[in-house]
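The values are calculated or read from the model by the stated rules, or taken from the named source; none is laboratory data. All figures in this text were calculated on a predicted structure; none of them were measured in a lab. A quick note on method: Cβ atoms are made from the backbone with ideal geometry, for glycine too, and the neighbour counts reach across all protein chains shown. All accessible areas refer to the heavy atoms of the entire protein, side chains included, with ligands and DNA or RNA removed. Shrake-Rupley method; radii C 1.70, N 1.55, O 1.52, S 1.80 Å.
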Amino acid sequence: ALSAQQHREQDKHMLALPVKCADSRHAVDWPGALHKYVKEAYSKKQAEAHKAAFKSVGELRKEVASIRTFTETNVEGARAVLIKYERLLAAMERRFQMQSMPLEFCWKDAFKPNVKQGEADTCFERTVVLFNLAAAASFAAITQKRTDVEGIRTACQQFQQAAWLLMVVKDMVAASSWGQQTSLDLHPACLDMLQKLMLAQAQRCFYERAEMDQKSPKLLASLAAQVRDFYSEVYDAMRAPPLKLYLDNSWTEYVLWNFKLFEGLTHYHAAAEHAAQYEYGKQVARLSLAAESVKQSASLSSKAPPQLRAIYEEAAKKVGREYALAAKDNSTVYMEIVPPVSSLVSISGRVVGGALAPPELTENSSHTRSADPFVHLVPASVQQDLERFVDEARRRTEKIFHKLDQAVADGKNRLLELDLPHALQAVVVGTVGDSTRDSSTDSAASSQPRAPLPPELAKQLEQIHKAGGEAKLRQNMDELRKLGDKCDAKVISVEAALHSLNALDADAASKHGDKWLLVSASAAAKRAAMEELAQLKRKLEEAAGGNEELARRHEAKADALAILALSPDEIQAQVPAGSSSRALASHESVTTLQSKLQALEAHHATREALACRCIDMTSSTRVVDARKQAASAPLGLTLGAVNADAGVEIEAVTPGSAADAAAVSVGDVLISVNGSLCRSATQASKLIAAAPMGTVRLVLQSAPYEQSLVNALVFRGEAPAGPIISDALAKFEPVEAEAAWFVDEHMQLLDAVADANGAFTSACISAEERSISVKQDYFKRLNDAVDAWSGVSAHVSEGLTFFATATRALETLETSVVKTVAAMEDERDELDKALEAEVAAEKAAAAAAAA
């Protein structure tokens, strides 16, 4: 007997897949399993930060498990829940090692609910969800009003999507470890049959649309033939093992009725094509086949519900009338010989469309932040891919910087070879008119006025003097060496603390074995501390090498820097006496050379902008506003170690929190809170807690990669990471092209300066002024001293900042390791007490049993 649900389905002349129902007696503890996994694989902080997300997964699973049947009012909501859960499962499979979560999923057979299957595999869970999505699509299809174009189109798409989903299910079952022992609804033969059934019904929609649009008999015949062929394959599969005794007879009967119906309609439309070609004998032969097939479909469906039975009876009457009329016309008017039915050419089917993926499961938006509550958890394999990206991005950035710096350095060397800018300064600075000269002054150099320093050079010397000059530079070099030694000592101290931690962990593991691994929550903290120390040591080793090179540079520049020990007034007093002629200073070659040097300097300014763009692409600074709902409300940030450069690293972001809404990401570095610099995790947390309700302004240094790259790597499936990383690195190509242009343009501007300098040098030789060469040598010495001080001082400042930050990071790390040691000792002591209590309880039980 047909169930009420099947009656409703067949009243629509189509079949919908039944739902696989969850075993209500078999609970799935997603929150507990996820919390334990993230705690062990990532950190306790991350696990605590994602508690709400873990709970949401459990609640979503309960919604999915509550779906028992579909109705016209609940099917869209159920479909949305199933899609959301499927996307979540897909995300977790790529992000987590699901086999590490001891969960079993139990579902009932869709056709035989008393048969159950349970598997400890999220792939099985996804397979069931996709099957039920196919069931939802098929139900949505049969509820469409197929008497209008939009209804037919929607029904057709839904059947196509159901076919695609079943195809995916079949592939997943085939690739699984449990695929050889599934319930029959997931058996490959059943899935293949159901997919063909959905395609048959989709093809039937195409046929109905073509019939509505009054398409040609030839097209209608080929469309009907394909419906017939699909139903034939479905019927054969239903009648063969393992499905022969599995499915309800009503399904097999329904497919047979429709096979006969569309076999008849195929010949019916082909007969119309014969009539159009004046082949009346063949028309009658075709119609005889059509009438017989359609009559059989009506006869076979005689016990179907009246509304359904009427479809086949009306088709039989229509085809019968056409056959009687054609036979009469041929016997009385055309009198053509009716050929044997066996001589008629068979009609081949034409497939229109096919399996169609639901857009929600294929479009890019399915992997956005809102779709994945674990977007801030990056798997270890993806982290390795991100490190590849960061290394390559750093290499390309350094290559760009090297190209720019090398061009500028080569330019400076070339200017020095041309005696620039000091030669020009010697001419331009301190000029007087020849007409004002007194002849007596020419005989005594001591009476000549002293030329002032060039304005730009004077400004640079004044800045150096205010910064402490050469003495301060020597003092900073000594401080840099001391900070390096301090960091080395602190590294030894942290290593000693880690050694104690490792020894404690090893001793407890040796004593208690697997029990210790189950209760210890400090493993992740220990692993994180070791990784952080290794990273700091690598940076310190690089910095130590830089310090040695800097010391060598400082020593090599000692003679050049010596003049900076003088005060600005003393340096001014040593400017050679004498003045240049106004005629030479105003010579065309001088103004031309000045303009060429100014153009070169303006070009140098574009280098800074280009370098800033390059830095922004690897680690840009941004400002975000997070909304604090109450004065005591948290922002949802978990802060970690002090960054080696500046600020505090963000370890975790609570999904749905104010920080998450402000697009703060794991890996960002928190630089400041409401204008106050962050120097440690504790101090930054206090700044956030002290911030009033409302907007909290955060200055962040972005992670060296965008979240879109993380998502692409997480969701790539089996595809290699290389092409994705290459696409992300493509953003450097425009900057690399601009850097190449900068170098070419720089060389052209240098050539222009060299040409102008040739004319300037000729003018100087013609002037034959000895005072020019003396001032030129002095200004050259000053320019060399300024360049040497600026170069060494900049590197010293960077080194002092780095070592000061590294010292704070090492101190914070040492404190963290000491706390971890204390926590691990507490865990060990608690386990010892628990085991002692167990032994005491066993002894008491044994004594009681003996008594």
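Highest mean packing comes first when the peptides 702-713, 343-354 are listed by Cβ atoms within 10 Å, giving 702-713, 343-354. Run the Debye formula on the Cα coordinates of the chain, all scatterers equal and no solvent, and tell me log10 I(q)/I(0) at q = 0.06, 0.08, 0.09, 0.10 1/Å. Log10 I(q)/I(0), no solvent term: -0.68, -0.91, -1.02, -1.14. For the range 138-161, there are no residues whose amide N sits under 17 Å from a probe point set 7 Å from the Cα of ALA276 along the beta carbon direction. Computed from the C-beta positions of THR71 and SER299, the FRET efficiency with R₀ = 45 Å rounds to 0.85.
Report, for the chain, the % of DSSP beta bridges that are antiparallel, rounded to 5. Around 95 percent of the beta bridges assigned by DSSP in the chain are antiparallel ones.
Give the calculated FRET efficiency between ARG697 and ALA80 to the nearest 0.05, with a Förster radius of 35 Å applied to their Cβ-Cβ distance. Please report the intermediate quantities before stating the final value.
Values: r = 37 Å, r/R0 = 1.06.
Here the calculated transfer efficiency is 0.40.
At an R0 of 45 angstrom, the distance between the Cβ atoms of ASP569 and LYS403 translates into a FRET efficiency of 0.60.
Between the listed residues LEU677, MET238, ALA357, the Cα displaced farthest toward the positive end of the dipole of the chain, a dipole computed from Cβ unit charges relative to the Cα centre, is found at MET238.
Taking only protein heavy atoms into account and a 1.4 Å probe, give the accessible area per residue of the range 15-62 in Å².
Values: 2150 Å² over 48 residues.
For the range 15-62, the per-residue accessible area is 45 Å².
Magnitude of the charge dipole for the chain, about its Cα centre and with charges confined to Cβ atoms of Lys, Arg (+1) and Asp, Glu (-1), is about 3100 debye.
Checking the cross-link pairs LYS486/LYS686; LYS62/LYS170; LYS459/LYS557; LYS472/LYS731; LYS45/LYS403; LYS218/LYS328 against a 32 Å limit on the alpha carbon distance flags LYS472/LYS731; LYS45/LYS403 as lying beyond it.
Rolling a 1.4 Å probe over the protein heavy atoms leaves LYS490 with an accessible area of roughly 50 Å². Note on THR682 and ALA804: the model spin-label points, each 7 Å out from Cα along the C-beta direction, lie 2.1 nm apart. The residues of the range 598-683 have, on average, 44 Å² of accessible surface per residue, using a 1.4 Å probe with all protein chains present. Please list, or write none, the lysines whose alpha carbon is within less than 17 Å of the alpha carbon of LYS145, excluding same-chain residues fewer than 8 places away. Within reach: LYS12.
Multiply the residue gap between ALA846 and GLN180 by 0.36 nm, knock off their C-alpha separation, and tell me the result in nm, one decimal place.
235.0 nm
Restriction of the trypsin sites (Lys or Arg not before Pro) in the range 259-339 to DSSP coil positions whose beta-carbon has at most 16 other beta-carbons within 10 angstrom yields LYS303.
Averaging the inverse of every distinct alpha carbon separation and then flipping it gives the Kirkwood radius. What is it for the range 681-804, in angstrom units? If you can, show how the numbers build up before the last one.
Values: mean 1/r = 0.0451 Å⁻¹.
For the range 681-804, the Kirkwood estimate is 22.2 Å.
One decimal place: the segment GLU745-ARG527 gains 73.4 nm when fully extended, by the rule 0.36 nm per residue minus the C-alpha distance.
Of THR695, THR812, which has the most accessible area and how do the rest follow, probe 1.4 Å? Kindly include the intermediate steps, with their values, before the conclusion.
On the way: THR695 70, THR812 50 Å².
From most exposed to least exposed: THR695, THR812.
Would you work out what percent of the accessible area of the chain, with all protein chains in place, is carbon or sulfur (probe 1.4 Å)?
Working: 21850 of 41340 Å².
Ligands and nucleic acids excluded, carbon and sulfur give 53 percent.
Once all protein chains are placed together, HIS604 keeps about 40 Å² accessible to a 1.4 angstrom probe. For the chain, the relative contact order comes to 14 percent (Cα pairs under 8 Å, sequence separation of at least 6). Straight-line reach from LYS295: taking Cα to Cα under 18 Å and skipping same-chain neighbours fewer than 8 places apart, the aspartates and glutamates in range are GLU253, GLU263, GLU313, GLU314, GLU322. Evaluated with a Cβ-only charge set (Lys, Arg +1; Asp, Glu -1), the range 234-319 carries a dipole of roughly 160 debye about its Cα centre, given to the nearest 20.
The residue among LEU220, ALA841, LEU424 whose Cα reaches farthest toward the positive pole of the charge dipole of the chain, with charges on the beta-carbon of Lys, Arg, Asp and Glu, is LEU220. The heavy atoms of ARG607 offer some 50 square angstrom of accessible surface to a 1.4 angstrom probe.
Order of 239-252, 452-465 by packing, highest average Cβ count within 10 Å first? Can you show the working numbers first?
On the way: 239-252: 14.0, 452-465: 16.5.
Ranking the peptides 239-252, 452-465 by packing returns 452-465, 239-252.
Length gain on complete extension for the stretch ALA661 to ALA240, per 0.36 nm per residue less the alpha carbon to alpha carbon distance? Don't skip to the end; give the middle numbers.
Working: separation 421, 0.36 × 421 = 151.56 nm, distance 5.65 nm.
Gain on stretching ALA661 to ALA240: 145.9 nm.
Going from most exposed to least, what order do HIS35, HIS746 have by accessible area with a 1.4 Å probe? Write out the running numbers ahead of the final one.
Details: HIS35 40, HIS746 5 Å².
Reading off the accessible areas and sorting them downward yields HIS35, HIS746.
Look at where the Cα atoms of the range 712-731 and of the range 151-190 average out, and the two centres are 29 Å apart. Each peptide in 93-102, 797-806 gets a packing score, the mean of other Cβ atoms within 10 Å over its residues, and the list from highest to lowest is 797-806, 93-102. Judged by a Cβ-Cβ distance under 4.7 Å, the unpaired cysteines of the chain are CYS21, CYS106, CYS123, CYS190, CYS487, CYS612, CYS614, CYS678, CYS764.
Using only side-chain charges placed at the Cβ, +1 for Lys and Arg and -1 for Asp and Glu, the dipole size of the range 114-272 relative to its Cα centre rounds to 320 debye.
Candidates SER177, GLN594, SER100 compared by Cα position along the dipole of the chain: farthest toward the positive end lies SER177, with charges placed on Cβ.
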